[in-house]
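Visitor: Structure below; questions to follow.
The values are calculated or read from the model by the stated rules, or taken from the named source; none is laboratory data. Note that the coordinates shown come from a computational prediction; the quantities given were computed from them, not determined experimentally. When we count neighbours, we look across all protein chains shown, and the Cβ atoms used for this are built from the backbone with ideal geometry, even at glycine.
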Amino acid sequence: MSESVDTFGRRLHYLNADFGVKSWLLTRDHKRIALLYLISITIFFALGGLMAVGIRLELATPQGDLVQPDTYNRLFTMHGVLMIFFFLIPSIPAVLGNFLIPLMIGAKDLAFPKLNLASWYIYNIAGFFTLWAVAQGGVDTGWTFYTPYSTTYSNSYVIATALGVFISGFSSILTAVNFIVTIHRMRAPGLTWFRLPLFIWAHYATSLVIILGTPVIAVTILMVAAERLLHIGIFDPALGGDPVLFQHLFWFYSHPAVYIMILPSMGVVSELIAAFTRKRIFGYKFIAGASVAIAVLGFLVWGHHMFLSSQSVYAGMVFSVLSMLVAVPSAIKVFNWIATMYKGSVSWDTPMLYAMGFIGLFTIGGLTGVMLATLGIDIHVHDTYFVVAHFHYVMVGGAIMGYLGGLHFWWPKMTGRLYPVFWSKFAAIIIFVGFNLTFFPQFLLGYLGMPRRYHVYPADFQVLNVMSSAGATVLGVGYLIPLVYFVWSMRYGKRADRNPWGAIGLEWNTGSPPPQHNFHEIPTVDWDAYGYLPDTPAGTGESWGIAVPTQRQDRTQDDG
Amino acid sequence: MADTHAPGLQHHFDSYEQQQEASFFGMWVFLATEVLFFGGLFCVYLIYRTANPVAFAAGSRELDILLGGINTAVLIGSSLTMALAVHAAQVGKHKMIAIWMALTGILGGTFLGIKAVEYSHKIHEGHFPGPHFVWHGPEVNVEMFFNIYFMMTGLHALHMIIGMGIMLVLIPLAWKGRFTPDSHNYIEGFGLYWHFVDIVWIFLFPLLYLLGVTSHV
Amino acid sequence: MSEHVTSITTYLVIFFALLVLTGVTVGVAYVDLGPLNDVVAMAIAVFKASLVVLFFMHVKNSRRMTKITVVSSLFWLLILFGLTLSDYWTRGFLG
């Protein structure tokens, strides 16, 4: 096993193998593309967050004293569009998935490196369209683009925004095709399906959802655009059309899209729990199977968004029962994670804090989801802040917690640097507290009857709304801290070992940062994933000359 | 890195076989997204035709079965020539790849030409949906049929135009001998796409052109 | 190369079969079968599409994974149609 070095004797890796703007913008290296995605996604997250700041500021008082109602409509719409299509959907797959899938399966790159780069450019073009719409004045239909408002009545920039969403779909489809083919065809010798890390299983299931769901919303958006642009009334009741059909097609994608956002996060959490309890994950096959089950069941439940449309009551009953079924594989995962921690040697490193946060918040988000799937309750709390709180517990409490946990776990691998221990734990706790302060009061508000998407509310609701806005401030600060120390660490952070956590997995068996082609020698895998227990001597990796270290690196910052 | 590898084999693959399998599988997964893309349209067709059977039959009778039938034959012919181009690639006759693909392109162009004639007739008769739509018969909601007709055939035609654009790139490469029996993934992958577009038309033709012939409702 | 090469004869046979079936589907459309017209037209279309998929697109001689991909895309199409119809077909039940 030979390390390549440059003329000064420094170890060569993917970050210093080549320099200059061109070497980044024309790169086909999945690791560099992951970093490009990281930058783009962070920008869109910040913009989406900015919209949220506007929303929470307005809601600090019962009167509409900060923005006009119309502006408010645009704020929450753009918040939703940016966060869902430009942050949550690409976040974990395009950054962590892109970086880690080839490393975890012992491949030199994804199957289609050029398509991978193309997907980043397409994502940015899509983002440009959407931002252009924002600059023009934004869109006010809600991120759901419901007809006939979006096609006929809205005076905002529906087509530009919808086009942005349409184009971003191509970017996720290309990423998903790449992942599926890579996972099928590029695994290292000996790496069978049931030896794969659960992160890979989660991304495989996510890619399935993207492949089978995204095209339907693409064609639906085209129909909306045609209706708006050419006055072809496809969803127009005056011509025998049905606006509810739009909702069917929209939610055929957009409900499974929830699983596009949460499944990768579940994959990250599986990795974190195993690494920080130093145990083989409990019920490996059940967690792997649960990912695929969620992907499939996720397509059978979309009608629960339409209980109060003109959808048939009987269809509503079917969708209600099917929706509750999704809770089964989700609960299997949560129970298995907890069972893994039982009698494990749990260490409270930053990524583990996020994983714990994920489990708690996702459980609340998931259980309130079961409540909402119940027809009777949904009729009561439909379109209230209860729903808003529910999906933020899943999306922010679940998906973003997983994303941040994963980022903190693999940051030393991605950049070769460690970040400050104290500040990262501090930020994790701040985010958890801020999140709950923001969104728990919204459950109460919704239950008391405060509808979503209004910029004024009765004075009775003010206390809870002020709590929520205060929490949002804390949450915002919590998100800024990692931004600061991550950037700081790239220059001043202590250099990371090849395996600072003493974790098991092929990605930890190569350098930090990894060499340009990931491995100097492609490993032959003869061990199962997560061989942490002494009675499972898996992961020695001796067949290719590297012993898996079980020592953890001292992560206190001494230089800088 | 690349110099230790055989020509046409990308660095991250171990063998031509792995590269080829990855490329075909990728194409099939992409076609699965295409199935669902057109699937959304077929779903709209299904719901609206069930709701408006009379209007759909009346609208369908306005279409020219002869032109639609000829176009079906033309497209099937282009699928044959495309299959023969792939065959030429497999057996290593690189000039024949270019010739068969050029023929495929000509047939595709013929299809689009006939389609354009049909479109101009419909637009001339005021059957293009929108504010200027004209319908003199007693049936209501016929415009919805034409909404769907133009949406479906339009997106199908767009797929053909994209396909012909890709052909313009591939034909010169094939002529110059870029594709060998070991490495011709672009040709085979493109062939899969072209056949898929043909299949969509195989369904569109009866659903749009033939449904009203005997309809008495 | 282990790739299966389909013979030109097979391609020609399939081509003529597709042409004949196109003629049949047009012919049958002129015979009044009531609601069966749609069923027959769709059956012929499915058969034609199968010929294209199996022979022109080589699925007959391809790996199992390709077949699974084809089948699952059709299965998801059925989910889309089926659950959407579950709404439209039962809307009138309440009268």
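Visitor: Looking only at the stretch B:112-163, count every residue that is in contact (Cβ under 8 Å) with a residue 24 or more places away in the chain, outside any helix (DSSP H, G or I) and β-branched (V, I, T) and tell me the total.
Guide: 1
Visitor: With respect to C:L21, is the statement that it is aliphatic (A, V, I, L, M) and facing chain B (nearest Cβ under 8 Å) true?
Guide: No: the conditions fail for C:L21.
Visitor: Given the options B:A57, B:A85, name the one that is assigned to a helix (DSSP H, G or I) and over 29 Å from B:W135 (Cβ atoms).
Guide: B:A85
Visitor: Do we find a residue being within 10 Å of chain B (Cβ to nearest Cβ), surrounded by fewer than 23 Cβ atoms within 10 Å (Cβ to Cβ), part of a helix (DSSP H, G or I) and within 21 Å of the chain's Cα centre (by Cα) anywhere in the stretch A:194-211?
Guide: No, because not a single residue in the stretch A:194-211 is within 10 Å of chain B (Cβ to nearest Cβ), surrounded by fewer than 23 Cβ atoms within 10 Å (Cβ to Cβ), part of a helix (DSSP H, G or I) and within 21 Å of the chain's Cα centre (by Cα).
Visitor: Look at C:V52 and say whether it is within 28 Å of B:G189 (Cβ to Cβ) and touching an Asp or Glu at 6+ places or on another chain (Cβ under 7 Å).
Guide: yes
Visitor: Of the residues A:A238, A:A275, only one is facing another protein chain (nearest Cβ under 10 Å), at pLDDT below 95, over 26 Å from A:I173 (Cα atoms) and in a helix (DSSP H, G or I); which?
Guide: After applying the criteria, what remains is A:A238.
Visitor: To continue, here is another question. Please find, among A:T161, A:T151, A:T220, the residue that is within 14 Å of chain B (Cβ to nearest Cβ), buried (at least 24 other Cβ atoms within 10 Å of the Cβ) and touching a residue at least 60 places away in the same chain (Cβ under 8 Å).
Guide: A:T151
Visitor: Moving to a separate point now. Restricting to the stretch A:42-101, what's the tally of residues that are of a type in the set (S, T, N, Q), closer than 17 Å to A:L475 by Cβ and buried (at least 20 other Cβ atoms within 10 Å of the Cβ)?
Guide: 1
Visitor: Further, regarding this structure: Go through the stretch A:223-235 and report how many residues are part of a loop (DSSP other than H, G, I, E, B) and not hydrophobic (A, V, I, L, M, F, W, C).
Guide: Qualifying residue count for the region: 2.
Visitor: Filter the stretch B:40-54 down to the residues that are in a helix (DSSP H, G or I) and either at pLDDT below 95 or facing another protein chain (nearest Cβ under 7 Å) (or both) and list them by number.
Guide: B:G40, B:L41, B:C43, B:V44, B:L46, B:I47, B:Y48, B:R49, B:T50, B:A51, B:P53, B:V54
Visitor: Select from the stretch A:168-191 the residues that are more than 10 Å from chain B (Cβ to nearest Cβ), assigned to a loop (DSSP other than H, G, I, E, B) and of a type in the set (A, V, I, L, M, F, W, C) and write down the one among them that is surrounded by the fewest Cβ atoms within 10 Å (Cβ to Cβ).
Guide: Among those that are more than 10 Å from chain B (Cβ to nearest Cβ), assigned to a loop (DSSP other than H, G, I, E, B) and of a type in the set (A, V, I, L, M, F, W, C), it is A:A188.
Visitor: I'd like to verify a number: residues in the stretch B:126-140 that are buried (at least 21 other Cβ atoms within 10 Å of the Cβ) and more than 23 Å from B:L112 (Cα to Cα), how many?
Guide: Qualifying residue count, the stretch B:126-140: 0.
Visitor: Here's something else I'd like to know. Within the stretch A:283-304, how many residues are within 12 Å of chain C (Cβ to nearest Cβ) and not β-branched (V, I, T)?
Guide: Qualifying residue count for the region: 8.
Visitor: Which residues, taken from the stretch B:75-87, are farther than 17 Å from C:A49 by Cβ and more than 10 Å from chain C (Cβ to nearest Cβ)?
Guide: Once the filter is applied, which keeps residues that are farther than 17 Å from C:A49 by Cβ and more than 10 Å from chain C (Cβ to nearest Cβ), the stretch B:75-87 yields only B:A85.
Visitor: May I ask you to list pairs of residues, at least six apart or on different chains, whose Cβ atoms are under 6 Å apart, with the first in the stretch A:123-134 being surrounded by fewer than 19 Cβ atoms within 10 Å (Cβ to Cβ) and the second being in a helix (DSSP H, G or I) and at pLDDT below 95?
Guide: Short answer, once both residue conditions are applied: A:W132/A:A160.
Visitor: Do we have any residue at all in the stretch B:85-96 that's under 19 Å from the mean Cα position of the chain (by Cα) and within 18 Å of C:L51 (Cβ to Cβ)?
Guide: Checked against the condition, which is being under 19 Å from the mean Cα position of the chain (by Cα) and within 18 Å of C:L51 (Cβ to Cβ), the stretch B:85-96 yields at least one hit.
Visitor: Yes or no: the stretch A:340-358 includes at least one residue that is in contact (Cβ under 8 Å) with a residue 24 or more places away in the chain, crowded, with 16+ Cβ neighbours inside 10 Å and within 13 Å of chain C (Cβ to nearest Cβ).
Guide: no
Visitor: Any residue in the stretch A:250-264 that's surrounded by fewer than 24 Cβ atoms within 10 Å (Cβ to Cβ): show its pairings with residues that are among the hydroxyl-bearing types (S, T, Y) and assigned to a helix (DSSP H, G or I) at Cβ separation under 8 Å, as long as the two are six or more apart or on different chains.
Guide: Listed pairs, sorted by first residue: A:F250/A:T220.
Visitor: Within the stretch A:441-457, how many residues are part of a helix (DSSP H, G or I), buried (at least 17 other Cβ atoms within 10 Å of the Cβ) and hydrophobic (A, V, I, L, M, F, W, C)?
Guide: 3
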